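Engineer: Mind having a look at this structure? Questions to follow.
The values are calculated or read from the model by the stated rules, or taken from the named source; none is laboratory data. As the structure is a prediction and not an experimental result, all values here were calculated from the model. Cβ atoms come from the backbone with ideal geometry, glycine included; neighbour counts cover every protein chain shown.
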């Protein structure tokens, strides 16, 4: 598993101008939408639909950027690039990495939503 922090909360809060309510709203939206995003990526992987895979990875990358979630962004960017380059030999492993990083990010967001922001 990745030892890099799942997100840079300080940088994310700077992006949101310190607005915790906005952060929480977007975090809840990410939690609601990420299962469908992962399912779409999995379907595109299974179908070897590289244009759809690149599109879904790109969307996920953008969503993760909001939280300064570098590991998720990096994994999604690698998946997007692998799809664009038709690098079929690495796509499955990168897809698994994307899934793992999204799980890490959703777990971290859930903690903030349920327990509040760390002091």
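Engineer: So residue 7 clears everything in (1) within 14 Å of the chain's Cα centre (by Cα); (2) closer than 22 Å to residue 114 by Cβ; (3) surrounded by fewer than 16 Cβ atoms within 10 Å (Cβ to Cβ) except one condition, right? Which one?
Structural biologist: (3)
Engineer: Kindly list, by first and then second residue, each pair from a residue in the stretch 25-40 that is at positive phi and modelled with pLDDT of 95 or more to a residue that is buried (at least 18 other Cβ atoms within 10 Å of the Cβ) and assigned to a helix (DSSP H, G or I), limited to pairs with Cβ atoms under 8 Å and residues at least 6 apart or on different chains.
Structural biologist: Nothing qualifies.
Residue by residue, here is whether (1) touching a helix residue (DSSP H, G or I) at 6+ places or on another chain (Cβ under 8 Å); (2) surrounded by 19 or more Cβ atoms within 10 Å (Cβ to Cβ); (3) at pLDDT below 95; (4) within 20 Å of residue 32 (Cα to Cα) holds:
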site	(1), (2), (3), (4)
51	yes, no, no, no
57	yes, yes, no, yes
79	yes, yes, no, no
89	no, no, yes, no
101	yes, yes, no, yes
113	yes, no, no, yes
